[in-house]
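Trainee: Pasting a structure below so you can have a look.
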Amino acid sequence: QVQLVESGGGLVQAGGSLTLSCAASGRTFSRYRMGWFRQAPGKEREFVAAISRSGGNTYYADSVKGRFTISRDNAKNTVHLQMNSLKPEDTAVYHCAAGTAWGISFMDGMDYWGKGALVTVSS
């Protein structure tokens with residue numbers, strides 16, 4: 001079992017920046033592929049970004065490409081999501097997740113999920 005705890009959510013104006021962090025329990029963090037997902041009220045959870053075990057490969061949803069950056073620090077068991085040029089449509093609860101295998105989608109490959117952090121972008 002892996003426990004994930006997000007932090008760094010809050011309120012920001014459109015065009016601003018915010019960084020989310022996710023702390024993982026355990027001593028085998030580097031074994032996991034990590035990802036960020038979000039869910040807005042009344043909508044299904046969607047993929048945002050993912051990063052490989054080593055951090056050498058990153059993947060982004062088209063909606064955030066060029067604005068968001070995912071990174072990880074295996075020594076600290078943390079993964080981050082730097083969000084720039086935020087838009088009101090980015091408002092959602094953001095979840096970090098960990099997985100040991102890829103599925104048909106990034107979401108399907110994730111086995112463990114954090115409770116989420118709320119990000120609200122005002123206009």
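The values are calculated or read from the model by the stated rules, or taken from the named source; none is laboratory data. The model shown is predicted, which means the values in this text are computed figures rather than measured ones. Surface accessibility is based on the protein's heavy atoms, side chains included, excluding ligands, DNA and RNA. Shrake-Rupley method; radii C 1.70, N 1.55, O 1.52, S 1.80 Å.
Trainee: With the calculation restricted to Cα positions, what are the radius of gyration and Dmax of the range 1-60 in angstrom?
Mentor: 13.5, 38
Trainee: Same structure again: Quick one: 3J(HN,Hα) in Hz for the range 61-76, Karplus 6.51/-1.76/1.60 with θ = phi - 60°, rounded, Gly and Pro as x.
Mentor: 5, 4, 5, 10, 4, x, 10, 10, 9, 9, 8, 9, 10, 5, 5, 9
Trainee: Which one, SER30, SER21, SER71, has the greatest fluctuation when you compute a Gaussian network model over the chain with C-alpha springs under 10 angstrom?
Mentor: SER30
Trainee: Using Cα-Cα distances under 8 Å and only pairs 6 or more residues apart, what relative contact order does the chain have, in percent? Please report the intermediate quantities before stating the final value.
Mentor: Details: 301 pairs, mean separation 43.2, N = 123.
After rounding, I find 35 percent.
Trainee: Keeping all protein chains in place, calculate the accessible area per residue for the chain (probe 1.4 angstrom), answer in Å². Spell out each step's value before the answer.
Mentor: Details: 6460 Å² over 123 residues.
Per residue, the chain has an accessible area of 53 Å².
Trainee: Separate question: Check cross-link reach from LYS87 to the aspartates and glutamates: straight Cα distance under 17 Å, and skip same-chain residues fewer than eight apart.
Mentor: By straight Cα distance, LYS87 reaches GLU46, ASP62.
Trainee: Still on this structure, please answer the following. Consider all pairwise Cα distances in the chain and report the whole-number % of them above 18 Å.
Mentor: On the way: 3420 of 7503 pairs.
So the pairs more than 18 Å apart make up 46 percent of the total in the chain.
Trainee: Still on this structure, I have one more. State log₁₀ I(q)/I(0) for the range 45-108 at q = 0.19, 0.26 Å⁻¹ as given by the Debye formula over alpha-carbon point scatterers of equal weight, solvent excluded.
Mentor: -0.78, -1.37
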